[in-house]
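*Asks:* My structure is below; once you've seen it, I'll send some questions.
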Amino acid sequence: MLFHSTRGGDANKTFEEVLMQGLADDGGLFMPNEWPQVDLNELKKQKSFIDVAKKIVPLYTSSSFDSSEVIDLLDNTWHDFSDENFAPIHRLNKYQSVLELFHGPTAAFKDFGLQLAAAFFDKTLKKNKKTAIVLGATSGDTGSAAIDSCKRFDSIKSFILLPNGNMSDIQRKQMTTVDSKNVFTIRVNGSFDDCQDIVKDAFNERSFLRDDQYLLAVNSINWVRIIGQICYYFYASLKTNDLSKGLNFAVPTGNFGNVFACYAASKMGMPLNKIIVAVNKNNILDRFFRNNDYSKREFLESLSPSMDISVASNFERLLYDFYADRDSDLCRTLYKSFPTSSIELDRNLWEKTDDLFLSYTVDDTSTLNNMSQIYNDFNYLIDPHTAIASHSVESLKEKLDGETLILSTAHPAKFPKSIEQAGLKLNQIPKQLSQALNKEERYVTLPASKDDIFKYIIDNN
């Protein structure tokens, strides 16, 4: 399997090249040259999440690693999960269930993709006898998952940028209380978009790297993260109905990686009815799916900080593959003046939306109301991000056929203030979260300036 850029500049890249490069040289995102097909009959024989992953991951890694190497790696990739099923399913009623993706060590779904990324990073670095810098931006959970996944490897230094603003205490302390010599947490006086822009500039310039170093992307622009997420969609479908018929997946999303992973799974053969794209008041995605309006607007803080974005980076992959039918010239043209100008597709292209996607915007009040409703109806506590997906399902139920899985992307304990605002009580805090609350924080605060941040990396590299 080889890869190429959505904008046509980088072509026929190996998995290792894509893994270590992250963002394409032309500013686009990497995509597989074709969609590999999963043998569903063979997949139905698998019992565990890791068994499922062993049928999926090697399909993307064959250009760099033998299948046996990858299978051995997967036996030791996902660690410190509190549930033996990794991604258990909690049934609410006949038509709705919750896919719990928060049982990893940082209590968020990003453990799946980032533990896989770290395992492949380490293997590649050892093979090439090099070191690496991990540089990532986070509005919530990416940073803690990246830190936890990479801190075990001496060859990797992690520099994580987090906006100096809307984030729960637990989310922040998961990153700022890690006492490891190879971990550096930077609170940036700016928004998530500011942090993400600096990361993109870093990959374009790379001026702070030593000669023997890679710069690694841990945000969902890195294809390896998408692979890790594809795995749990197949696993959930297998556990729900043995892959016998399509499901609806309601996905709370910000940067669109989780939605795109669901789309990718369907391209690989997973039966699928609809993907519900659930967003908060930062609703660039809902405006596109409803009105063909993909335009950047002012960033707004919300009760669901992991979704607080004004541009969804992974959306470019969907635009390229689903709407533009892999026309890199069209993709490059559309992004040439974005985000200064909006993206609006030809009507015939945009109308494909109804084939697969529904979307909904949920405000903070409705988020809290849904948290209360789910608890009152089912004695089940959910976090604000999950509530956005749940409310979207309720609002769109007349357009849905069959069973819906609601993705629960973070443990509710990460958002105690929201739980209190919803009139609810948190009865139990996972051990990995409670430990962070009692530790001393370690971080630096810097302006939203690439020069300042690059200098800090140089000084600590």
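Just so it is clear, none of the values below were taken in a lab; they were calculated from the coordinates. Quick caveat: nothing in here was measured; it's all calculated off a predicted structure. Virtual Cβ from ideal backbone geometry, glycine too; neighbours counted across all protein chains shown.
*Asks:* Compare the peptides 327-337, 189-199 by average per-residue count of other Cβ atoms within 10 angstrom and give them in order, highest first.
*Replies:* By packing density, highest mean first, the sequence is 189-199, 327-337.
*Asks:* Which one of Leu285, Trp35, Thr131 is farthest out on the positive end of the charge dipole of the chain, using unit charges on Cβ (Lys, Arg +1; Asp, Glu -1) and the Cα centre as origin?
*Replies:* About the Cα centre, the residue reaching furthest to the positive side is Thr131.
*Asks:* Give the residue from Ser313, Leu303, Ile374 lying farthest towards the positive end of the charge dipole for the chain; charges sit on Cβ (+1 for Lys and Arg, -1 for Asp and Glu) and the dipole is referred to the Cα centre.
*Replies:* My answer, from the dipole projection, is Ile374.
*Asks:* Among all the lysines, which ones have a C-alpha under 20 Å from Lys352's C-alpha, if same-chain residues fewer than 8 places away are not counted?
*Replies:* Output for Lys352: Lys267, Lys274, Lys399.
*Asks:* Using 1/(1 + (r/R0)^6) with R0 = 41 angstrom and r between the beta carbons of Lys127 and Thr365, what's the FRET efficiency to the nearest 0.05?
*Replies:* It comes to 0.20.
*Asks:* Additional query: Work out the length of the dipole vector of segment 307-422 about its Cα centre, built from +1 on the beta-carbon of each Lys and Arg and -1 on the beta-carbon of each Asp and Glu, and round it to the nearest 20 debye.
*Replies:* 340
*Asks:* Expected output is a single nm value to one decimal: the length gained when fully extending between Asp377 and Leu92, i.e. 0.36 nm times separation in residues minus the C-alpha distance. What is it?
*Replies:* The span from Asp377 to Leu92 would gain 101.7 nm if fully extended.
*Asks:* Moving on to the next point. Around Ser295, with a cut-off of 9 angstrom between Cβ atoms, what is the net charge of the other residues, counting Lys and Arg +1 and Asp and Glu -1?
*Replies:* In short, +1.
*Asks:* Something else: Could you check what % of the DSSP bridge pairs in the chain are antiparallel, to the nearest 5?
*Replies:* That works out to approximately 20 percent antiparallel.
*Asks:* Tabulate in residue order the Karplus-calculated ³J(HN,Hα) for segment 141-149, using 6.51 cos²θ - 1.76 cosθ + 1.60 with θ = phi - 60°, rounded to whole Hz; enter x for Gly and Pro.
*Replies:* 3J(HN,Hα) across segment 141-149, in whole Hz: 9, 4, x, 5, 5, 5, 4, 5, 6.
*Asks:* Looking at the square roots a ≥ b ≥ c of the eigenvalues of the Cα gyration tensor of segment 346-461, which shape do they give, rounded for a/c under 1.5, prolate if a/b is larger than b/c, or oblate?
*Replies:* It is oblate, given that a/c is not under 1.5 and a/b is not larger than b/c.
*Asks:* Sort 277-286, 20-29, 375-384 by packing, meaning the average of other beta carbons within 10 Å per residue, with the highest value first.
*Replies:* 277-286, 20-29, 375-384
*Asks:* Near Lys151, which aspartates and glutamates are there with a Cα under 12 Å away, not counting those fewer than 8 places off in the same chain?
*Replies:* Excluding near neighbours in sequence, the set is Asp122, Asp179.
*Asks:* OK, next. Gap in Å between the Cα centre of segment 80-107 and the Cα centre of segment 1-56?
*Replies:* Each part reduced to its Cα centre gives a spacing of 25 Å.
*Asks:* Here's a follow-up. Using only helices, what value at 222 nm comes out for the chain when you add -39,500 (n - 2.57) per DSSP H run of length 4 or more and divide by the total residues, to the nearest 500 deg cm²/dmol?
*Replies:* Per the formula, -11500 deg cm²/dmol.
*Asks:* What ranking, highest mean first, results for peptides 427-439, 400-412, 232-244 when packing means the other Cβ atoms within 10 Å averaged over each residue?
*Replies:* Taking the mean over residues of other Cβ atoms within 10 Å, the ranking is 400-412, 232-244, 427-439.
*Asks:* Among residues other than Arg347 whose Cβ falls under 15 Å from its Cβ, what is the net charge (Lys/Arg +1, Asp/Glu -1)?
*Replies:* Residues close to Arg347 contribute a combined charge of -4.
*Asks:* Under the rule a/c < 1.5 gives rounded, and otherwise a/b versus b/c splits prolate from oblate, where does the chain land using the Cα gyration tensor?
*Replies:* rounded
*Asks:* What pairs from Lys13/Lys200; Lys126/Lys239; Lys200/Lys397; Lys130/Lys296; Lys44/Lys127 go past 31 Å between their alpha carbons?
*Replies:* Cα-Cα > 31 Å for Lys126/Lys239; Lys200/Lys397; Lys130/Lys296; Lys44/Lys127; rest within.
*Asks:* How big is the gap, in Å, between the Cα center of segment 432-448 and the Cα center of segment 261-282?
*Replies:* So the separation of the two Cα centres works out to 34 Å.
*Asks:* Could you work out how far the C-alpha centroid of segment 382-401 sits from that of segment 113-177, in angstrom?
*Replies:* 31
*Asks:* Between Leu216 and residues 5 or more places away or on another chain, which pairs have amide H atoms under 5 Å apart, with H built 1.01 Å from N, and which residues are they?
*Replies:* Amide H neighbours of Leu216: Ile133, Val134, Leu135.
*Asks:* Okay, next question. How far, in nm, would the chain grow between Thr333 and Ile458 when pulled straight, counting 0.36 nm per residue and subtracting the alpha carbon separation?
*Replies:* Once the chain is fully extended between Thr333 and Ile458, it gains 41.4 nm.
*Asks:* Continuing with this model, one more query. Assigning unit charges at the beta carbon (Lys, Arg +1; Asp, Glu -1) and nothing else, what dipole magnitude in debye, to the nearest 20, does the chain show about its Cα centre?
*Replies:* 600
*Asks:* In the neighborhood of Ser449, defined by Cβ-to-Cβ distances under 13 Å, what is the net charge if each Lys or Arg adds +1 and each Asp or Glu adds -1?
*Replies:* Net of charged neighbours comes to -3.
*Asks:* Mind sorting Ser372, Ser341 by how few other Cβ atoms lie within 10 Å of their own Cβ, fewest first?
*Replies:* Ascending number of Cβ neighbours within 10 Å: Ser341, Ser372.
*Asks:* In the P(r) worked out for segment 276-422, what percent of Cα pairs fall beyond 24 Å?
*Replies:* 38
*Asks:* Okay, moving on. With unit charges on the beta carbon (Lys/Arg positive, Asp/Glu negative), name the residue among Ser449, Pro384, Thr185 whose Cα is farthest towards the positive pole of the charge dipole of the chain.
*Replies:* So the residue we want is Thr185.
*Asks:* Give the order of Met270, Met1 when sorted by the count of other beta carbons within 10 angstrom, beginning with the fewest.
*Replies:* Fewest-to-most ranking of Met270, Met1: Met1, Met270.
*Asks:* Which ³J(HN,Hα) values in Hz, rounded to whole numbers, follow from the phi angles of segment 308-313 under the Karplus curve 6.51 cos²θ - 1.76 cosθ + 1.60, where θ = phi - 60° and Gly and Pro get x?
*Replies:* Coupling constants for segment 308-313: 7, 9, 10, 9, 9, 4 Hz.
*Asks:* Would you mind computing, in nm to one decimal, how far apart the modelled labels at Asn427 and Asp25 are, each placed 7 Å from Cα along Cα→Cβ?
*Replies:* Label-label distance for Asn427 and Asp25, simple model: 5.8 nm.
*Asks:* What is the fewest-to-most order of His385, His391, His4 by other Cβ atoms lying within 10 Å of their Cβ?
*Replies:* His4, His391, His385
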